[in-house]
Amino acid sequence: MTTTTAAVPASRFAPARQVADAVLFEGYVLYPYRASAAKNRMRWQFGVLVPPAWGPRHGEHSGQRTELVAEPRGDASVAVELRFLHAQRRTVEEARADGSFAAVPELHLPDRVLVPWDEGRDERVQMSVRVADLEAGEVSLPFTRPARVETEPVLDADGRPVGRLVRRTERIDGVLRLHAAPLDVPYRALKLTAVVENTADWTPPDEEADRDAALARSLVAAHLLLGLSAGSFLSMTDPPEWARAVVADCDNRHTWPVLAGGNGRADVVLSSPIILEDHPRIAPESAGAMYDATEIDEILALRTAALTEQEKREARGTDTRAAAVIDLADTMPPEVLERLHGAVRALREITEPGAAAPPPGPDSLSEPPDGDAVFRPDTPWWDPAHADPADPARDRVTVDGAAVGAGSRVLLRPGLRRTDAQDLFLQGRTALVEAVLRDVDGGVHLAVTVDGDPGADIRREQGRFLYFQPDEVTPLEDA
């Protein structure tokens with residue numbers, strides 16, 4: 001591996017790192033920020049690269065592959081930064097009179113309640129390579145994070161030890177591989193490939209080994225930052241016409257590369273385990289990280305401030321990041337909270353009130369005649385005239401003449417204008433309806449799990465489903 005002096009300046013990664021931090025801690029700890037909450041017992045959902053011996057039998061993967069098109073200039077170099085979390089098991093021990101320590105389920109302190117918890121340690125693997133070296137052959141960088149045990153004393157107000165925290169981490173092994181292949185085009189362009197693999201030789205001791213054992217040896221929330229010292233990357237979602245076929249041929253597995261340079265620059269890419277748009281950025285109104293997936297800051301701040309003092313003590317003892325959220329909510333000035341209430345990102349001038357609407361997309365994805373309106377029943381669920389009370393498990397809604405409810409199987413047909421990018425990948429897939437839900441405006445939504453989803457049982461246990469409106473599905477014959 002050849003490291004160059006013309007490396008990408010560290011400051012050029014700064015805007016992308018802000019977004020990468022949000023990706024790294026996507027869903028790290030969920031409201032109400034307590035370890036005892038049911039939804040905080042199933043951790044680490046995004047970008048998890050498990051040991052090779054664990055993945056095949058449990059439907060998880062041990063590697064991710066990023067391919068993108070670059071236009072380097074001169075003797076350019078590529079800087080790559082792999083970032084991931086290393087899960088570490090934290091146990092709580094109480095001090096005994098004889099000077100020994102014993103593990104306990106919780107340790108009460110005046111300001112917090114310490115409980116066992118799996119923390120995430122931020123890890124980075126960095127390399128910088130000349131593009132010419134990558135064109136000559138693959139460059140690989142093996143890395144290891146050793147197993148370790150660390151202790152942290154817990155002291156009372158007088159400085160006397162009342163317990164300790166014991167953190168245990170398992171060994172992690174991996175490799176980062178880079179390669180570049182020139183493209184047969186009239187311009188100097190190449191396809192850059194970056195592969196991250198978990199190479200741990202750990203084997204589950206038996207068939208009953210749980211996921212926690214594998215997670216301790218996994219790369220969690222793994223993602224890449226890539227930068228060119230001279231030149232630019234092409235957008236993978238909106239490439240120039242000459243590169244569309246090349247971009248379509250790129251093979252990205254378990255990752256989603258987007259342009260992430262500040263001020264619209266195209267020399268930095270964030271390859272993320274979650275779907276983003278080009279040039280993502282943190283909302284300027286956000287007062288701080290909430291670590292709760294991509295929930296709305298205003299709602300989280302209000303709900304967090306409304307927690308009881310006992311709930312806040314447990315949250316503070318669950319994780320330092322959870323404690324920071326509690327402190328943020330408790331100290332947020334009214335003017336900052338008001339700033340979270342809403343923001344106008346863009347305005348569009350109305351030139352002709354009677355102007356025709358844009359043409360619809362393909363027939364299979366076209367909108368219903370009333371455009372953006374959601375599906376609504378004849379009588380809202382909250383109306384006294386409605387015969388039955390709302391019951392998601394038993395409610396049914398009529399779709400194409402068929403009654404659809406929990407247990408029904410449907411074909412997914414997400415609409416273009418009101419879906420998110422991830423839903424479009426489910427076009428034509430079949431799914432099981434888990435519940436019929438009605439919002440306060442009377443809209444009807446179908447909660448579904450997709451057939452063949454290896455994580456369906458986990459989603460069902462956590463109550464996390466995908467949601468579609470009745471006009472976005474076609475009923476199939478019930479099993």
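Here are the numbers:
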| quantity | calculated |
| --- | --- |
| ASP206 open to solvent by 40 Å² or more (accessible area, probe 1.4 Å), farther than 28 Å from GLY120 by Cβ and either free of Cβ contacts under 8 Å to residues at least 12 places away in the same chain or in a helix (DSSP H, G or I) (or both) | no |
| Single residue of VAL125, VAL196, VAL131, VAL175 found to be under 30 Å from VAL247 (Cβ atoms), out of contact with any Asp or Glu (no Cβ under 9 Å at 6 or more places or on another chain) and of a type outside the set (Phe, Trp, Tyr) | VAL196 |
| Any hit, segment 71-90, residues being closer than 30 Å to ALA245 by Cα, touching a Pro at 6+ places or on another chain (Cβ under 6 Å) and open to solvent by less than 10 Å² (accessible area, probe 1.4 Å) | no |
| Test result for ARG303, open to solvent by 50 Å² or more (accessible area, probe 1.4 Å), more than 18 Å from LYS191 (Cα to Cα) and part of a helix (DSSP H, G or I) | yes |
| Residue in segment 173-183 that is open to solvent by 10 Å² or more (accessible area, probe 1.4 Å) and under 21 Å from ARG57 (Cβ atoms) present | yes |
| Those residues of segment 240-277 which are of a type in the set (D, E, K, R) and surrounded by 18 or more Cβ atoms within 10 Å (Cβ to Cβ), in sequence order | ASP267 |
| Matching residues, segment 248-272, being of a type in the set (A, V, I, L, M, F, W, C) and out of contact with any His (no Cβ under 8 Å at 6 or more places or on another chain) | ALA248, CYS250, TRP256, ALA266, VAL268, VAL269 |
| Flag if SER100 is surrounded by 12 or more Cβ atoms within 10 Å (Cβ to Cβ) and either at pLDDT below 95 or not basic (Lys, Arg) (or both) | no |
| Residue that is modelled with the highest pLDDT [pool: residues in segment 405-463 that are touching a Pro at 6+ places or on another chain (Cβ under 6 Å) and among the small types (Gly, Ala, Ser)] | ALA435 |
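The values are calculated or read from the model by the stated rules, or taken from the named source; none is laboratory data. Here the structure is a predicted model, which is why all the values come from computation and not from measurement. Note that we place each Cβ from the backbone using ideal geometry, even for glycine, and neighbour counts take in every protein chain shown. These accessible areas exclude ligands, DNA and RNA; they are computed on the full protein's heavy atoms, side chains included. Shrake-Rupley method; radii C 1.70, N 1.55, O 1.52, S 1.80 Å.
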